[in-house]
Amino acid sequence: MDKNTLSHDSELLTEIAVAYYQDEITQEEIARKFGISRIKVGRLLKRAREEGIVEINVRYHPVFSTRLEQQLQSRFPHLQRALIALDSPDGDDQRRQVAALVSAHLAQSLKDNAIVAVGQGRNVAAVADYPGQVPTRNCLFISGIGGTHRPGDAINADHISRRLAKKFGGISETLYAPAYVENRALRDAFMQNGTIKETLDRARKADIALVGIGDMNENSYMVKLGWFTPHEIIDASVNQGVTGDVAGYDFFNAQGQHVDTVMNDRVIGLSIEELRKIPCVIAIAAENTKAMAILGALRTGAIDIIATTAQNIRTILSMSQ
């Protein structure tokens with residue numbers, strides 16, 4: 001096909017697309033105008049979409065999001081809010097959209113002198129890194145879990161706490177401990193340290209907790225950190241029924257019940273039982289692979305606000321019928 005033919009085809013597709021999508025002329029009228037069949041008009045409009053001449057963006061009306069939120073709250077009466085982002089095929093864009101909702105919620109709800117316990121992970125980090133002006137709040141952002149080794153620096157709870165404090169004009173407090181230790185005896189020794197105990201005691205009294213929801217994936221962050229081997233992740237998922245975790249280590253099944261794993265008594269941080277006592281726990285999961293993990297997390301009763309996607313909410317509503 002020569003360039004003139006290609007150019008003519010492109011012009012025809014554009015003209016038909018403008019007539020249909022912009023001028024709102026019916027396909028029947030377009031067929032008469034161009035002397036072609038109604039079926040061919042439909043095929044040309046499809047080609048216009050496939051070749052990028054037409055881009056269709058579906059945006060959720062606030063009423064639609066409100067309806068989804070109300071449906072979710074009817075299934076989980078303890079849930080205060082559902083922050084529902086637009087669906088996006090791009091993972092990074094999806095994470096930014098969910099982070100934008102959480103950032104806006106914090107900007108609106110944070111009070112002076114509030115204490116915010118901060119978890120780890122990419123979704124929590126995205127909230128700290130989301131750009132835009134927010135009001136200055138004299139808040140304390142405090143690590144709710146210890147630190148990890150170098151590859152996890154940017155999504156360590158401590159680093160996130162510092163960025164949140166800078167963003168909102170507050171201060172941050174470090175939990176001077178590793179997130180993960182080799183055995184219970186070592187964890188008990190750390191927990192007896194005065195500095196660590198005082199920091200965790202303040203985190204337990206937080207007004208808000210900001211945490212991520214994880215799923216059981218052999219390529220997960222926990223595997224990369226060496227907390228689990230791929231085999232242990234598969235074993236926990238297949239043989240023990242684990243569907244996810246809250247805050248990076250407290251594991252549960254689809255019914256929201258605690259499941260023992262190799263991580264038991266090895267993590268220095270707030271447990272799910274301690275999160276339950278915090279007035280507002282905001283859990284974030286932007287990935288559309290996490291619907292089952294979110295469902296289990298909601299069933300634990302520890303989550304007060306869920307921030308996720310419309311697709312995840314629809315899937316959860318379907319699964320929880």
Per-region count, the range 114-144, residues open to solvent by 10 Å² or more (accessible area, probe 1.4 Å) and of a type in the set (Ser, Thr, Tyr)
2
What's the total number of residues in the range 254-293 that are among the small types (Gly, Ala, Ser), in contact with a helix residue (DSSP H, G or I) (Cβ under 8 Å, 6 or more places away or on another chain) and within 19 Å of residue 319 (Cα to Cα)?
5
Out of all the residues in the range 102-114, is one or more under 10 Å from the mean Cα position of the chain (by Cα), assigned to a helix (DSSP H, G or I) and not aromatic (Phe, Trp, Tyr)?
yes
Filter the range 184-212 for residues that are farther than 29 Å from residue 298 by Cα and part of a loop (DSSP other than H, G, I, E, B); which is least open to solvent (accessible area, probe 1.4 Å)?
193
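Only one residue in 305, 272, 278 is touching a Cys at 6+ places or on another chain (Cβ under 7 Å), among the β-branched types (Val, Ile, Thr) and either surrounded by fewer than 22 Cβ atoms within 10 Å (Cβ to Cβ) or over 23 Å from residue 85 (Cβ atoms) (or both), so which one is that?
Values: 272 fails: touching a Cys at 6+ places or on another chain (Cβ under 7 Å); 278 fails: touching a Cys at 6+ places or on another chain (Cβ under 7 Å).
Among 305, 272, 278, only 305 is touching a Cys at 6+ places or on another chain (Cβ under 7 Å), among the β-branched types (Val, Ile, Thr) and either surrounded by fewer than 22 Cβ atoms within 10 Å (Cβ to Cβ) or over 23 Å from residue 85 (Cβ atoms) (or both).
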For the range 69-77, indicate whether the set of residues that are farther than 28 Å from residue 301 by Cβ and open to solvent by 60 Å² or more (accessible area, probe 1.4 Å) is non-empty.
no
Under 9 Å between Cβ atoms, at least 6 apart or on separate chains: pull out the pairs that start in the range 172-196 with a residue that is on the phi > 0 side of the Ramachandran plot and end on any residue that is modelled with pLDDT of 95 or more and open to solvent by 60 Å² or more (accessible area, probe 1.4 Å).
none
When residues of the range 167-183 are limited to those that are open to solvent by 50 Å² or more (accessible area, probe 1.4 Å) and assigned to a loop (DSSP other than H, G, I, E, B), the one farthest from residue 229 (Cα to Cα):
176
Yes or no: the range 235-245 includes at least one residue that is part of a helix (DSSP H, G or I) and surrounded by 24 or more Cβ atoms within 10 Å (Cβ to Cβ).
no
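Output yes when any residue across the range 12-27 is closer than 30 Å to residue 280 by Cβ and either open to solvent by 40 Å² or more (accessible area, probe 1.4 Å) or modelled with pLDDT under 95 (or both), and no when none is.
No, that holds for no residue.
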Could you grab the pairs with beta carbons closer than 8 Å, sequence gap of 6+ or different chains, first residue in the range 262-274 and over 19 Å from residue 192 (Cβ atoms) and in the same structural domain as residue 201 (by the TED database), second one surrounded by fewer than 18 Cβ atoms within 10 Å (Cβ to Cβ) and of a type in the set (A, V, I, L, M)?
none
Select from the range 50-91 the residues that are in a helix (DSSP H, G or I) and touching a helix residue (DSSP H, G or I) at 6+ places or on another chain (Cβ under 9 Å) and write down the one among them that is modelled with the lowest pLDDT.
64
Using the structure shown, decide if residue 47 is open to solvent by 100 Å² or more (accessible area, probe 1.4 Å) and modelled with pLDDT of 75 or more.
no
Does the range 218-229 include one or more residues that are modelled with pLDDT of 80 or more, open to solvent by 10 Å² or more (accessible area, probe 1.4 Å) and among the basic types (Lys, Arg)?
no
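The values are calculated or read from the model by the stated rules, or taken from the named source; none is laboratory data. Computed from a prediction, not measured in an experiment: that's the story for all the values here. For neighbour counting, all protein chains shown are included, and Cβ atoms are generated from backbone atoms with ideal geometry for every residue, glycine included. Accessible surface is based on the protein model in full, side chains and every heavy atom, while ligands, DNA and RNA are left aside. Shrake-Rupley method; radii C 1.70, N 1.55, O 1.52, S 1.80 Å.
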